[in-house]
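Colleague: The structure that follows is given in the form of structure tokens.
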Amino acid sequence: MPGDQFPITRWSVIDAVKSEDPAEQTRALDTLFAAYWKPVYKYVRLRWNRPTEDAQDLTQGFFAEMLERDLLAKYDPAKSRLRTYLRLCVDSFVMNQEKAARRQKRGGNATHVALDFPAAEGELAGATIDPASIPSPESLEEFFEREWVRSLFALAVEDLRKLCSERERERTFRLFDDYDLSDDEEISYERLAAEYAMPVTDVTNALSWARREFRRIALERLRELCGSDEEFHREAHAVFGSDAA
Amino acid sequence: MKFLSDKTVDRLRQNANLPDLSGTRYQLLERVACGGMGTVYAARDQTLDRRVALKVLDVLIADGDLARRLNREARALALLEHPGIVPVHDVGTLSDGRVFYTMKFVEGQRLDKYIETVTSLPDRLRLFLRICDAVAFAHARGVLHRDLKPANVMVGAFGEVLVMDWGLAKILREQSSGASDDDPEAAILHAQQASNGPADSTQATQVTGQGTVLGTPGYMSPEQARGDIAQVDKRSDIFSLGAVLRFLCVNPLTHSGQSKAWRQDKTLEAICAKATEIHPINRYATVSDLSADVSRYLDGLPVSARKETIFDKSARFYRRHTIAILLIVAYLAMRILLLIFSHR
């Protein structure tokens, strides 16, 4: 099944932002913002212990500065992961927040991605960095990575929902939602088969398809968010291989 | 957009990793274990109606050459018929591009867990000798392991020792660097160079993570770690065996303080040191030489790894013949006492 296989052919955002095609640039930036705005916002809230409004301004300001200063063009995949690079850029930006605030006023609305800050704030309820403690660089990296994986998976789930809708497989997505996106430990294929009045084998096949597509979509998005093949393989191992590693 | 809790993210990660075995002869049963290179599942071989271990590797292949090479490697590995070796039955590719292979399903414990129940040093060393037997057999057939470590050794329900994951570390290394068929070993060098490149805090973790794929830090020989492919040969496996031996000797026991005494055993330490010499030329030339030394140690005989002083020789002689020496000393003491009393 060649269609299911690698290599991913979509451009990396790092290459795409250098494109001369403005539409391609915008698409790349939107992809990047969609994946990173929530991790950045939550990171600013917790790592820098900033109140909600400040964190919102800083998040928008950071992405504006990223555009103004062409930070992505300065990223070198050989030196670090894109995720780490962006986190360090956020640190440096927040440390310089007064200047950042001015920039935010000039270009804070440059992204086309709707930033749902109240939702992000709600998600922070269970966050685990203790602002009173001195977090280690590892715990900060871990926190940022966890939020980034959450953001990546949420986008992939949304893409999967759209795909299922396009292919008239809404029931498959509902099964996926009920089983894989549920916190219910008691859920079983048998229970789903009974609820949906379908054989267990159909539930198995539907979930198998949905998971394969979810994995493919998540990896495609991940490929876009990496600066090199090597980084992609490392990140793919961290995101999916970490079940194994 | 739906918020995904930590639990959901973990569940998604696990479920998305479940292999889609449609189109293969295998039926997924359950997840058994996970490690640095991939995840092991129990599966049913529907053709032969038997339970097998199916390992899905965290690498993706897309090119036919590599798939062909994997099959060729699998055929070579299938020739390793030895009671201490778990050969690969089958190698294939999932529809999402991940590589999987199947092998005999071994019911037992990994060596690093199993030895917690083995409290006697001689028993641990005898276990080690059986690992050496399997590795020596493979070396005699021109197969290197390249990723020997306690986690790759299983001890079965009847005490049988089985060495797993033969040759696959090599395939993985080649895959991760995209080495060509003509120059399979170059992959090690490329992969190592890649892993040594960047230098941020995440990278350090990543290097460790990648190191698991490329070989296991602590058990990987220096020439493998350096990517000095010209020097990677059976003495690289001997280095790993030396590290395994050291692990068996110093891994603390839960009930006794014996491990400290073992660390202080200069002969055993000399054997480990010789096996794990930085320069391959200074290591044991063959696995048989290493196991011969361990056997001689067990029998209380001198070993090639250590030049003994007269004191060492005497101590070893005493340890080997303790009862006889004590009997002779007791006999002589009695004779002297009798002599003294008879003169009075």
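Colleague: If we keep just the residues of region A:75-87 that are farther than 16 Å from A:Ala28 by Cα and assigned to a helix (DSSP H, G or I), which is nearest to the other protein chains (Cβ to nearest Cβ)? Please lay out each step first, then the result.
Modeller: Of region A:75-87, the ones farther than 16 Å from A:Ala28 by Cα are A:76-81, A:84-85, A:87.
Narrowing further to those that are assigned to a helix (DSSP H, G or I): A:84-85, A:87.
Working: A:Thr84: 5, A:Tyr85: 8, A:Arg87: 9 Å.
The residue in question is A:Thr84.
Colleague: Being within 17 Å of B:Gly84 (Cβ to Cβ) and among the hydroxyl-bearing types (Ser, Thr, Tyr) is the filter here, so list the residues in region B:108-155 that pass it.
Modeller: B:Tyr114
Conditions tested, residue by residue: (1) in contact with a Phe, Trp or Tyr (Cβ under 7 Å, 6 or more places away or on another chain); (2) among the basic types (Lys, Arg).
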residue: A:Lys42; (1), (2): no, yes
residue: A:Arg45; (1), (2): no, yes
residue: A:Gln56; (1), (2): yes, no
residue: A:Ala64; (1), (2): no, no
residue: A:Leu72; (1), (2): no, no
residue: A:Lys79; (1), (2): no, yes
residue: A:Phe93; (1), (2): yes, no
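Colleague: Let me ask another. Could you check how many residues of region A:177-209 are part of a helix (DSSP H, G or I) and more than 9 Å from chain B (Cβ to nearest Cβ)?
Modeller: Residues of region A:177-209 part of a helix (DSSP H, G or I): A:177-179, A:189-196, A:200-209.
Next, only the ones that are more than 9 Å from chain B (Cβ to nearest Cβ) stay: A:178, A:189-196, A:200-204, A:206.
So the answer is 15.
Colleague: Here's a follow-up. Please enumerate the residues belonging to region B:7-43 that are polar (S, T, N, Q), at the interface with chain A (Cβ under 9 Å from one of its Cβ atoms), in contact (Cβ under 8 Å) with a residue 24 or more places away in the chain and surrounded by 20 or more Cβ atoms within 10 Å (Cβ to Cβ). Before you say what the answer is, go through the steps one by one.
Modeller: Kept after step one, since they are polar (S, T, N, Q), are these residues of region B:7-43: B:8, B:14-15, B:17, B:22, B:24, B:27, B:39.
Checking the rest, the ones that are also at the interface with chain A (Cβ under 9 Å from one of its Cβ atoms) come to B:8, B:14-15, B:17, B:22, B:39.
Then keep just the ones that are in contact (Cβ under 8 Å) with a residue 24 or more places away in the chain; that gives B:17, B:22.
Correct list: B:Asn17 only.
Colleague: Let me ask something else about it. Please work out which residue is farthest from B:Arg130 (Cα to Cα), limiting yourself to region B:267-292 and to residues that are touching a Lys or Arg at 6+ places or on another chain (Cβ under 8 Å) and charged (D, E, K, R).
Modeller: B:Glu277
Colleague: Looking only at region B:300-340, how many residues end up being surrounded by fewer than 10 Cβ atoms within 10 Å (Cβ to Cβ) and either charged (D, E, K, R) or under 20 Å from B:Lys274 (Cβ atoms) (or both)?
Modeller: Within region B:300-340, residues that are surrounded by fewer than 10 Cβ atoms within 10 Å (Cβ to Cβ) and either charged (D, E, K, R) or under 20 Å from B:Lys274 (Cβ atoms) (or both) number 2.
Colleague: Taking strands (runs of 3 or more DSSP E) that do not extend beyond region B:106-203, which have at least 2 residues that are at pLDDT 85 or above, closer than 29 Å to B:Ala43 by Cβ and in contact with a Phe, Trp or Tyr (Cβ under 9 Å, 6 or more places away or on another chain)?
Modeller: Qualifying strands (runs of 3 or more DSSP E): B:153-156.
Colleague: Let me ask another. Of the conditions (1) assigned by TED's automatic domain parsing to the domain that holds B:Tyr101; (2) closer than 23 Å to A:Glu235 by Cα; (3) of a type in the set (Gly, Ala, Ser), B:Ala43 fails just one. Which one is it?
Modeller: (2)
Colleague: For A:Asp130, work out the one condition from (1) modelled with pLDDT of 60 or more; (2) under 24 Å from A:Arg150 (Cβ atoms); (3) away from every other protein chain (no Cβ under 14 Å) it doesn't fulfil.
Modeller: The failed condition is (1).
The values are calculated or read from the model by the stated rules, or taken from the named source; none is laboratory data. This structure is a prediction, so every number in the text was calculated from the model and none was measured. Note that we place each Cβ from the backbone using ideal geometry, even for glycine, and neighbour counts take in every protein chain shown.
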